[in-house]
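Undergrad: Pasting a structure here, questions to come.
The values are calculated or read from the model by the stated rules, or taken from the named source; none is laboratory data. What you are looking at is a predicted structure, and each value in this text was computed from that prediction instead of being measured. Every residue, glycine as well, gets a Cβ built from its backbone with ideal geometry; the counts of neighbours run over all protein chains shown.
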Amino acid sequence: MVTLSLSPADYLILAIYFAFVLGIGVVLRRKLSGSADFFESGRSLPAWVCALGFIGANLGAQEVMGMAASGAKYGAMTAHFYWLPAVSAMVFVGVFMMPFYYGSRARSVPEYLKLRFDERTRTFNAATFAVMTIFSSGISMYALGRLLNLILGWNFHLCLAACGAVVLVYILLGGLTSAIYNEVIQFFLIVAGFLPLVWLGLIAVGGWDGLVARLKVVSVARGYEEGAWMHTWANTGNPAENPMGIEWVGLTMGLGFVLAFGYWCTDFLVVQRAMAAENMAAARRTPILAAIPKMLFPGLVILPGMIAIALHTAHVGGFSLPQNAGEPDYNMTVPALLAHFFPSGLLGLGLTALIASFMSGMAGNVTAFNTVWTYDIYQTHVKPGASDAHYLFVGRLATVAGIAASIGAAYFAARFNNIMDVLQLVFAFVNAPLFATFLLGMFWRRTTSAGAFYGLILGTVGAACHHGLTLPTHAVPGIKGGWLGAVLHAYPSEMAQNFWTAIWAWLACFGATLLVSLATRRTKSDDELRGLVYGLTERPAESGVAWYARPASLGGAVLVAVILLNLYFW
Amino acid sequence: MHLDIRLPLGLMFASIGVVLVVTGLSSRMAVTIYSGVGVGIFGLLCLFLAWRARGRGRVS
């Protein structure tokens with residue numbers, strides 16, 4: 001077990017962070033004048049702040065710790081979660097989709113669905129999204145409490161209560177702006193906290209050449225070709241030849257197309273950050289600017305994991321990963337590295353970065369939840385036509401309820417050791433079909449409301465059928481699949497099964513939406529769809545704008561850069 | 001909703017930088033001192049940018 005002991009300097013750094021987080025909330029409280037400020041930041045933030053919020057909302061500590069763990073377990077292939085799939089999706093949403101989200105003046109993703117289709121599609125999406133965000137926030141809380149309890153011996157219940165209270169206070173005070181500002185702070189804290197870790201780790205492992213040489217040993221020791229831990233594509237011809245157990249079709253279609261595009265293009269948690277931008281140009285640049293640090297982040301969060309497994313296998317410098325059932329406990333990669341490399345002071349900085357990530361993860365989910373609850377559920381179904389002050393009050397109440405429900409979800413998560421697997425599966429069930437709905441809805445005017453609604457339902461059913469009829473190797477039928485009685489296919493890994501579940505969900509939704517749309521009558525005229533569908537919407541004017549400020553050319557440059565990265569680590 | 005995030009960001013990182021430098025000097029850990037200097041410079045840069053934007057009447 002990894003244990004850390006903090007010095008007064010470490011506590012001081014933590015205290016400085018908490019003081020500034022709460023201080024920002026207090027200052028923003030005085031500038032908040034209505035529900036638009038609370039839920040949408042008054043659509044007043046510059047592109048660079050929204051971009052850091054956009055990437056920060058996705059950069060929870062589970063992500064940071066999970067990616068380091070995956071870097072140790074799977075090597076450079078983990079970078080697929082950051083490179084082509086994510087970056088292409090972020091460029092796509094900036095260039096093609098943001099004009100509809102921002103230009104339609106919708107206040108949320110479900111509200112766009114209402115404008116484009118109808119109320120039932122909006123309500124279906126709002127309800128599933130609200131449940132998802134509460135679970136995500138709860139799991140983030142549980143993971144934070146568990147981590148602090150394990151490595152510092154702090155009381156689990158007290159950690160939940162304290163962090164929940166801090167997040168509650170700063171969202172109540174400053175709303176979405178407060179959450180985004182804290183995501184910006186968290187982003188820079190992760191950079192400041194993890195750069196020295198990478199630097200010290202690389203020195204210990206003998207520099208880049210030393211790392212490559214030691215990872216060859218790791219690959220061969222685990223029965224793979226010697227470059228398996230350093231290549232991203234070279235061994236994907238056969239799932240048995242790479243540590244992830246995935247072939248290139250599942251990788252490009254499942255992660256690369258359906259899951260990544262489904263998440264970055266339709267998940268309100270991230271899209272909300274771009275919708276807070278000060279104008280259309282800033283909103284479109286937001287995801288593309290966010291793609292730049294996204295490309296570079298594997299160097300901060302995956303590389304430490306690769307360094308850790310190299311040091312562990314070679315028994316260099318006295319570093320070793322803690323063991324769990326005879327295997328390295330990959331989830332403890334980051335705490336083990338912090339404990340080994342960081343002296344007093346730096347340890348406080350690293351720990352503050354982790355705590356900031358957990359709290360930003362919670363805050364991001366809670367701000368998305370309170371917006372969807374207030375606008376898409378309460379205002380629509382419970383009390384339409386009330387005053388702005390009333391909706392602001394309801395939004396604050398939803399924040400309190402969201403935090404309370406998240407704490408409940410954290411205790412619920414504590415009862416299951418595989419709740420994270422369930423949540424990942426829910427993402428495949430919800431986001432993958434939703435992306436098919438958006439793709440058809442935004443780019444094909446013939447898509448009907450009935451097509452969208454039944455397509456979403458059948459997409460979810462398609463995901464359930466695939467999951468129920470398949471199973472990862474060595475897993476028993478149940479929560480990991482095979483619960484429909486017959487197992488038609490066994491996947492080499494859970495990740496491969498998740499990717500293919502997403503592919504089937506997307507295909508089912510796409511096919512059903514297409515067929516039902518062709519069989520039903522349109523309920524909205526071209527005039528009603530103007531500003532909501534690609535072929536009926538005027539392109540935003542870009543004359544007189546420098547090339548690097550134009551979404552298309554900026555996105556093109558980002559794509560070239562990520563392709564070069566893929567070629568280098570092929 | 002006008003608060004230039006660079007102001008609290010700069011103040012926070014400058015404060016953390018000072019803590020790291022002092023801790024590094026007292027424990028004679030070069031890596032802590034270097035990190036403190038880097039973090040502190042970043043904080044000061046943010047403060048400079050916030051001050052310059054305020055001078056131009058443009059708040060981020």
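Undergrad: For the range A:309-326, state whether one or more residues are assigned to a helix (DSSP H, G or I), farther than 15 Å from A:Gly71 by Cα and modelled with pLDDT under 95.
TA: Taking every residue of the range A:309-326 in turn, at least one turns out to be assigned to a helix (DSSP H, G or I), farther than 15 Å from A:Gly71 by Cα and modelled with pLDDT under 95.
Undergrad: Go through the residues of the range A:199-213 one by one and say whether even a single one is in a loop (DSSP other than H, G, I, E, B) and among the acidic types (Asp, Glu).
TA: no
Undergrad: Answer yes if at least one residue in the range A:324-331 is of a type in the set (A, V, I, L, M), surrounded by fewer than 24 Cβ atoms within 10 Å (Cβ to Cβ) and under 22 Å from the mean Cα position of the chain (by Cα), and no otherwise.
TA: No, there is no match, as no residue in the range A:324-331 is of a type in the set (A, V, I, L, M), surrounded by fewer than 24 Cβ atoms within 10 Å (Cβ to Cβ) and under 22 Å from the mean Cα position of the chain (by Cα).
Undergrad: Of the residues in the range B:34-58, how many are facing another protein chain (nearest Cβ under 9 Å) and without any contact (Cβ under 8 Å) to a residue 24 or more places away in the chain?
TA: So the count comes out to 4.
Undergrad: Within the range A:135-162, can you find the residues that are crowded, with 23+ Cβ neighbours inside 10 Å and among the β-branched types (Val, Ile, Thr)?
TA: A:Ile139
Undergrad: To continue, here is another question. Looking only at the range A:77-105, count how many residues are small (Gly, Ala, Ser) and crowded, with 23+ Cβ neighbours inside 10 Å.
TA: Of all residues in the range A:77-105, those small (Gly, Ala, Ser) come to A:79, A:86, A:88-89, A:94, A:103-104.
This time we only want the ones that are crowded, with 23+ Cβ neighbours inside 10 Å, so: A:79, A:86, A:89, A:94.
Going through the range A:77-105 one residue at a time, the tally reaches 4.
Undergrad: Restricting attention to the range B:12-33, and to residues there that are within 7 Å of chain A (Cβ to nearest Cβ) and either polar (S, T, N, Q) or over 21 Å from A:Ser7 (Cβ atoms) (or both), which single residue is surrounded by the fewest Cβ atoms within 10 Å (Cβ to Cβ)?
TA: Among those residues, the one meeting the criterion is B:Ser27.
Undergrad: Right, something else. Among the listed residues A:Gly193, A:Gly245, A:Gly175, A:Gly254, which satisfies the condition of being under 30 Å from A:Ile134 (Cα atoms), of a type in the set (Gly, Ala, Ser) and either modelled with pLDDT under 90 or not in a helix (DSSP H, G or I) (or both)? Break it down stepwise before answering.
TA: Working: A:Gly193 fails: either modelled with pLDDT under 90 or not in a helix (DSSP H, G or I) (or both); A:Gly245 fails: under 30 Å from A:Ile134 (Cα atoms); A:Gly175 fails: either modelled with pLDDT under 90 or not in a helix (DSSP H, G or I) (or both).
Matching residue, one of A:Gly193, A:Gly245, A:Gly175, A:Gly254: A:Gly254.
Undergrad: Pairs under 7 Å by beta carbon, first residue without any contact (Cβ under 8 Å) to a residue 40 or more places away in the chain in the range A:210-227, partner among the aliphatic types (A, V, I, L, M) and crowded, with 17+ Cβ neighbours inside 10 Å, six or more apart or different chains?
TA: A:Val212/A:Met230
Undergrad: Okay, moving on. What residue, of A:Val49, A:Val91, is within 14 Å of another protein chain (Cβ to nearest Cβ), in a helix (DSSP H, G or I) and of a type in the set (Val, Ile, Thr)?
TA: Answer to the selection: A:Val49.
So that you can scan it fast, the table gives a plain yes or no per residue for (1) over 25 Å from A:Gly455 (Cβ atoms); (2) in a helix (DSSP H, G or I); (3) touching a residue at least 24 places away in the same chain (Cβ under 8 Å); (4) touching a Ser or Thr at 6+ places or on another chain (Cβ under 7 Å):
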site	(1), (2), (3), (4)
A:Ala72	yes, yes, yes, yes
A:Tyr101	no, yes, yes, no
A:Tyr112	no, yes, yes, yes
A:Arg122	no, yes, yes, no
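Undergrad: Can you name the residue in the range A:499-556 that is of a type in the set (Asp, Glu) and in a helix (DSSP H, G or I) and, of all such residues, is nearest to the chain's Cα centre (by Cα)?
TA: Checked the range A:499-556; the qualifying residue nearest to the chain's Cα centre (by Cα) is A:Glu528.
Undergrad: A further question follows. Just checking, does the range A:454-472 include any residue being surrounded by fewer than 22 Cβ atoms within 10 Å (Cβ to Cβ), more than 25 Å from the chain's Cα centre (by Cα), assigned to a loop (DSSP other than H, G, I, E, B) and in contact (Cβ under 8 Å) with a residue 12 or more places away in the chain?
TA: No, the range A:454-472 has no match at all.
Undergrad: What's the number of the only condition in (1) part of a helix (DSSP H, G or I); (2) surrounded by 23 or more Cβ atoms within 10 Å (Cβ to Cβ); (3) away from chain B (no Cβ under 14 Å) that A:Leu59 fails to meet?
TA: Failed condition: (1).
Undergrad: Given the residues A:Ala291, A:Ala325, which is the only one that is within 29 Å of A:Ala89 (Cα to Cα) and among the hydrophobic types (A, V, I, L, M, F, W, C)?
TA: From the options A:Ala291, A:Ala325, the qualifying one is A:Ala291.
Undergrad: Which of the residues belonging to the range A:3-26 are at the interface with chain B (Cβ under 10 Å from one of its Cβ atoms), surrounded by 16 or more Cβ atoms within 10 Å (Cβ to Cβ) and over 17 Å from A:Ser360 (Cα atoms)?
TA: Correct list: A:Ala9, A:Asp10, A:Leu12, A:Ile13.
Undergrad: Could you tell me which residue of the range A:338-351 is nearest to B:Met12 (Cα to Cα), considering only residues that are surrounded by fewer than 23 Cβ atoms within 10 Å (Cβ to Cβ) and either within 9 Å of another protein chain (Cβ to nearest Cβ) or of a type in the set (D, E, K, R) (or both)?
TA: A:Ser344
Undergrad: Which of the residues spanning the range A:31-43 are at the interface with another protein chain (Cβ under 10 Å from one of its Cβ atoms) and either surrounded by 18 or more Cβ atoms within 10 Å (Cβ to Cβ) or under 17 Å from A:Tyr170 (Cβ atoms) (or both)?
TA: A:Lys31, A:Leu32, A:Ala36, A:Asp37, A:Phe38, A:Glu40, A:Ser41, A:Gly42, A:Arg43 - these are the residues of the range A:31-43 that are at the interface with another protein chain (Cβ under 10 Å from one of its Cβ atoms) and either surrounded by 18 or more Cβ atoms within 10 Å (Cβ to Cβ) or under 17 Å from A:Tyr170 (Cβ atoms) (or both).
Undergrad: Farther than 20 Å from A:Leu269 by Cβ, out of contact with any Pro (no Cβ under 6 Å at 6 or more places or on another chain), within 14 Å of chain B (Cβ to nearest Cβ) and part of a helix (DSSP H, G or I): does that describe A:Leu300?
TA: Answer is no for this residue.
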